[in-house]
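Single-structure report; data block below.
The values are calculated or read from the model by the stated rules, or taken from the named source; none is laboratory data. Since the structure is predicted, the reported quantities are computational estimates derived from the model, not experimental observations. FYI the Cβ positions are ideal-geometry reconstructions off the backbone, even for glycines, and counts take in every protein chain you see. Ligands, DNA and RNA are stripped out before the accessible areas are found, and what is left, the full protein with its side chains, is counted by its heavy atoms. Shrake-Rupley method; radii C 1.70, N 1.55, O 1.52, S 1.80 Å.
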Amino acid sequence: MYTLNLRGHLYTLDEPRIMGILNVTPDSFYAESRTPAEADITVRVERLMEEGADMIDIGAYSSRPGADDVTPEEEMRRLRTGLEILNRNHPGAIISVDTFRAGVAEECVKEYG
């Protein structure tokens, strides 16, 4: 059996889990998943939770071919918006951050850990 230690709680992976995807980019692969505005983020998070998401994966950098490169500061600004909404409306939610930048990941853990 696989487990994750999340904030001191063992989370078992002995059955399939549902990960909801929250794209806080204006240019992600799938246009319908783009939620760059606070109101859109709030609606998307509520929908994911209502549909049974066990965890939310939030991404702020599009890897779509031809997508604009964004600075780490811009990626973090986008993430903060989504993370603040998630933590305010669903403080116990399990959240992962989709980033390739170690500094962005570290900052997310420090601020929202």
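Quick check for me: using +1 on Lys/Arg Cβ and -1 on Asp/Glu Cβ, what's the dipole size of the chain about its Cα centre, in debye to the nearest 20? Kindly include the intermediate steps, with their values, before the conclusion.
Values: 12 positive and 21 negative charges, 35 e Å.
So the dipole magnitude of the chain works out to roughly 160 debye.
So what's the angle, to the nearest 10 degrees on a 0 to 90 scale, between helix 38-50 and the longest Cα principal axis of the chain?
Around 30 degrees separate the two axes.
What distance in nm separates the simple spin-label points at Glu15 and Glu111, each placed 7 Å from Cα in the Cβ direction?
Placing both labels 7 Å beyond Cα along the Cβ direction yields 3.6 nm.
Let's see if you can work this out: charge +1 on each Lys and Arg Cβ, -1 on each Asp and Glu Cβ, no other charges. What is the dipole magnitude of the stretch 1-65 about its Cα centre, in debye to the nearest 20? Could the numbers behind the result be given before it?
Numbers: 6 positive and 11 negative charges, 43 e Å.
Roughly 200 debye, rounded to the nearest 20.
So if a site counts as exposed when it's one of the chymotrypsin sites (Phe, Trp or Tyr not before Pro), its DSSP state isn't H, G, I, E or B, and it has at most 12 other Cβ atoms within 10 Å, what's the longest stretch of the chain without one? The partial results should precede the final answer.
Values: sites that count: Tyr2, Tyr30, Phe100.
By the stated rule (loop sites, at most 12 other Cβ atoms within 10 Å), 31-99.
Over the chain, what is the percentage of antiparallel beta bridges among all DSSP beta bridges, to the nearest 5? Please list the in-between numbers first.
Working: 4 of 15 bridges.
DSSP beta bridges in the chain are roughly 25 percent antiparallel.
Measuring from a point 7 Å past the Cα of Ala93 along Cα-to-C-beta, which residues in the stretch 48-84 have an amide N at less than 18 Å?
Of the residues in the stretch 48-84, 48-61, 76-84 have backbone N under 18 Å from the label point off Ala93.
How much solvent-accessible surface does Val43 expose, in Å² to the nearest 10, with a 1.4 Å probe and all protein chains in place?
Spelled out: Val43, probe radius 1.4 Å, area about 100 Å².
What figure, in Å² to the nearest 10, do you get for the accessible area of Glu73 with a 1.4 Å probe and non-protein molecules left out?
130 Å²
So for the chain, taking the charge dipole from beta-carbon charges (+1 Lys/Arg, -1 Asp/Glu), which of Ala105, Val43, Tyr30 sits furthest toward the positive end?
In the chain, that residue is Ala105.
Find, among the trypsin sites (Lys or Arg not before Pro) in the stretch 1-89, those assigned to loop by DSSP (not H, G, I, E, B) with at most 15 other beta-carbon atoms within 10 angstrom. Don't skip to the answer; put the middle values down first.
Numbers: sites: Arg7, Arg17, Arg34, Arg44, Arg47, Arg77, Arg78, Arg80, Arg88; in loops: Arg7, Arg17.
Loop-located and lightly packed - Arg7, Arg17.
Using modelled backbone amide H atoms (1.01 Å from N, in-plane), which distant-in-sequence or interchain residues come within less than 5 Å of Ile94's amide H?
For Ile94, the qualifying residues are Ile56.
Relative contact order, percent, of the stretch 19-113 when contacts are C-alpha pairs under 8 Å separated by at least 6 residues? Can you show the working numbers first?
On the way: 124 pairs, mean separation 29.4, N = 95.
Here the relative contact order equals 31 percent.
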